[in-house]
Each structure stands twice: as structure tokens, then as C-alpha cells.
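Notes to accompany the following structure.
The values are calculated or read from the model by the stated rules, or taken from the named source; none is laboratory data. Since the model is a prediction, treat every value here as computed from it, not as a measurement. Every residue, glycine as well, gets a Cβ built from its backbone with ideal geometry; the counts of neighbours run over all protein chains shown.
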Amino acid sequence: MTTTYGPLAIWAVVLVVGVATFAIRYSFVYLFGRIDGVPPRIEEALRFVPAAVLAALVAPAIVNPGPTLAATVLDDRFLAGAVAAVVAWYTENMFATIAVGLLALWAVGATL
Amino acid sequence: MFPDDFLAGVRTALPSLFGLIPFGLVAGIAAVDAGLSPLQAIGLSFVVFAGASQLAAVDLLSQDASLAVVVVTAVVINLRMAMYSASIAPYFEAFRRRWSMACSYLLTDVSYALSITEFAEESGTDRRWYYLGLGGAIWAVWQLTTVVGVLLGTGIPESWGVGFAVPLVFLTLLVSDVSDRPRLVAALVGGTVAVVGAAWPLNLGLVGGALAGIVAGVAADGGDA
């Protein structure tokens, strides 16, 4: 899919995300000596941000609930994603995961 | 030309650079696939310099999500860097302001993880040069692979399904992050809510999934302790 947003909106996203990301990176370096660090309760929640957000990003791209369980599982993206997940688990190698996942998507697409 | 500690930093980064190559390529390809111009795609890598958040922003832009959702999602993904900032701040304190700002800009998962172990040892290494070598190498490879990805992306037909590489990148990052039970709970809950809410307006499935996952992770962790 292609965005319908114009250049102004896209550059605004680039700048706002960039400035906010730099502010996060620089935050405690700048504040050093003035505050002690991340409060423990916030730090506890921050630990789970990557797992929660990454799962929320990846799951809808792979799991497309069908009318039956079989229809959900026998889906090219689901099967390719499952194969890729196994590769990611055993190798923790991004290149291998992408290569096998894309090949599986093509193979399953040609089979189903 | 470069001090020894700078080169030592580059050497420390070397193994991780190979892992960065496919990630950077996908970031470039996905950005042009989503309809960003080559300059916008390269600008995104240059200004934001944070892969997972760049891919999330590009992915949501391609779906024409609201700009607020695009920005909030990308920024939330980077919130974890506040922990790195707090942890590394004592070592940046001795640097001049412009250098501590430059080093902060170079702060990533990898540059943090690799430098903090060296910093913690009182080994006499010049920390600024070491960190600049390490972070600079990561930065250079990221920019270069993004440019190559942009060039490739303009030549790859969409029918090849290369867009599926984006969730595969997220999947790799997710699998390596899920290192204990509470994180697994956070991922399962976050993913389930996002699937159930995939058709909800304003990408509430994504936002709700992320929040539910974080709450579930904290609860599971409390239950373990």
C-alpha cells in the first residue's frame, strides 16, 4: 500500500519523531545530577514496551482470523510467519528469518 | 588518522554490523514502497536513526493511519531508550555538551549494550573515542544500507511480496526480546488484542494491544516476584 499523505505531512512526521527520539535519548544525559534516574515503576513498565508493541505490530500482519480455525491457519501469511518464527527462535538471525519467511510466503502462495 | 580507542570501538561494533545490513535494507525498501520519496526515506533514517520506530512509522503511513497514531507509535517504541539514557548518563557527564549531544543521538540498543560493558570496566579507554567509533560505525552502516534499500526499493515490483519483510523484521526483534515469562505474556496479550482489534478505527487495536501487553507484562512479573 502507498500513503496518500503529501510531502509536508511526511516531513512533519520525520521531524517530530526525530526530535522526540532525540529528546528521549538525551533526557537523562541532560538531567544528570538533577534527578536520580527512571523511577522504578516506570522502568518496570518500560521493560515490556518492546515485547508488547512489537507483538501488536507483527500479529495483525500474520494472523488474519477467518470463519474457522482451519481457514485462519491455512493462510499464506500465517504459515510463512510460523515458519519464520521458528527460524527466528533458533537462529536469532534477521537475514535468515527474512529470507526463509519470504521464500515460505512464495512457496505457500504457489501451493495453496 | 583515528585514535586507537576509536578503532577499538569500531572493532567492537563489527559483528553486529552484519546483523544491521538486512534491517537497514528493509527500512529503505519499505519506505519507498510506502510512497516516501528517496529523500524522505533517507531523511527518516538520518533524522530518527531508530530502525523499529522508522519501520512502524512507514508501515502506518502506508496504511494512511492518522498522523497522531504514526507519531505516538514511533515515539513509544523509542521510550525504552530513556533507560539507556539514564544508565549511560554518568559516563557522558565528562564530555563537552556538543559531544554528549552527539553521543546521545548515536544511542541505540546495540551501541548502548556494547559500550556499557566497556564503560563499567575502569580500563583506561578513552570513552568518548571508543563510543564514537562504535556508534559511528553503526550509524554509517545504517545510513548506507538505507540508501541501498531505497535504490533497490524503487526497482523491486510490489508483486514480489517484499513488503512482508517488515513484519519479519519485527518478528526477529520480538523473538530476541522475549527472554522471560513476563515478556512472553506481554507479547501474547499485546498480539492477541491487536489481532482482535485489527479493524478498529484509529489503529486502536495497535494502541490497545501495546497498552494491554505492557499491563499484562507488569502483572505477570508481579505474580512471579
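Some observations on this one:
- Restricted to region B:38-58, and to residues there that are within 14 Å of the chain's Cα centre (by Cα), within 19 Å of A:THR2 (Cβ to Cβ) and not small (Gly, Ala, Ser), the residue that is nearest to the other protein chains (Cβ to nearest Cβ) is B:LEU44.
- Of all the residues in region A:27-40, those that are more than 7 Å from chain B (Cβ to nearest Cβ) and of a type in the set (Val, Ile, Thr) number 1.
- Taking region A:57-82 as the range and being aliphatic (A, V, I, L, M) and surrounded by fewer than 18 Cβ atoms within 10 Å (Cβ to Cβ) as the test, the residues that pass are A:LEU69, A:ALA70, A:ALA71, A:VAL73, A:LEU74, A:ALA82.
- All positions within region B:182-206 that are in contact (Cβ under 8 Å) with a residue 60 or more places away in the chain and at the interface with another protein chain (Cβ under 8 Å from one of its Cβ atoms): B:LEU206
- Qualifying positions in region A:55-88 - within 10 Å of chain B (Cβ to nearest Cβ), of a type outside the set (Gly, Ala, Ser), in contact with a helix residue (DSSP H, G or I) (Cβ under 6 Å, 6 or more places away or on another chain) and part of a helix (DSSP H, G or I): A:LEU57, A:VAL58, A:PRO60, A:ILE62, A:ASP76, A:ARG77, A:VAL87
- Selection status of B:VAL147, farther than 22 Å from B:ASP64 by Cα, over 19 Å from the mean Cα position of the chain (by Cα) and modelled with pLDDT of 95 or more: no
- Where B:VAL215 falls short, out of the listed (1) assigned by TED's automatic domain parsing to the domain that holds B:VAL32; (2) without any contact (Cβ under 8 Å) to a residue 60 or more places away in the chain: (1)
Condition check ((1) more than 7 Å from chain B (Cβ to nearest Cβ); (2) within 28 Å of B:LEU17 (Cα to Cα); (3) modelled with pLDDT under 90) across all residues:
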| site | (1), (2), (3) |
| --- | --- |
| A:MET1 | no, no, yes |
| A:GLY18 | no, yes, no |
| A:THR21 | no, yes, no |
| A:ARG25 | no, yes, no |
| A:ILE42 | yes, no, yes |
| A:VAL53 | no, yes, no |
| A:TYR90 | yes, yes, no |
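- Among the residues of region B:85-105, those that are facing chain A (nearest Cβ under 9 Å), out of contact with any strand residue (DSSP E or B) (no Cβ under 8 Å at 6 or more places or on another chain) and buried (at least 19 other Cβ atoms within 10 Å of the Cβ) comprise B:SER85, B:ALA86, B:ILE88, B:SER100, B:CYS103, B:SER104.
- Filtered residue count, region B:169-181, keeping only those that are in a helix (DSSP H, G or I) and more than 7 Å from chain A (Cβ to nearest Cβ): 1
- Test: B:ALA13 is over 23 Å from B:LEU168 (Cα atoms), in contact (Cβ under 8 Å) with a residue 24 or more places away in the chain and either outside any helix (DSSP H, G or I) or in the same structural domain as B:ILE138 (by TED's automatic domain parsing) (or both): yes
- A single entry from B:GLY190, B:GLY222 fulfils the requirement of being at pLDDT below 95 and in a helix (DSSP H, G or I): B:GLY222.
- In region B:71-84, the residues that are more than 7 Å from every other protein chain (Cβ to nearest Cβ) form Cβ pairs under 7 Å with partners that are of a type in the set (A, V, I, L, M, F, W, C) and buried (at least 20 other Cβ atoms within 10 Å of the Cβ), at six or more places apart or across chains, as follows: B:THR73/B:ALA56; B:THR73/B:LEU60; B:THR73/B:LEU206; B:TYR84/B:LEU107.
- Members of region B:137-159 found to be touching a Leu at 6+ places or on another chain (Cβ under 8 Å), surrounded by fewer than 19 Cβ atoms within 10 Å (Cβ to Cβ) and either within 30 Å of B:MET101 (Cβ to Cβ) or among the aromatic types (Phe, Trp, Tyr) (or both), listed by number: B:VAL148
- Residues that are more than 10 Å from chain A (Cβ to nearest Cβ) and free of Cβ contacts under 8 Å to residues at least 24 places away in the same chain are absent from region B:26-37.
- Annotation: of all residues in region B:29-80 being among the charged types (D, E, K, R) and touching a helix residue (DSSP H, G or I) at 6+ places or on another chain (Cβ under 7 Å), the one that is farthest from A:ALA51 (Cα to Cα) is B:ASP33.
- Hits in region B:118-132 - residues which are in contact with a Pro (Cβ under 8 Å, 6 or more places away or on another chain) and part of a helix (DSSP H, G or I): B:TRP129
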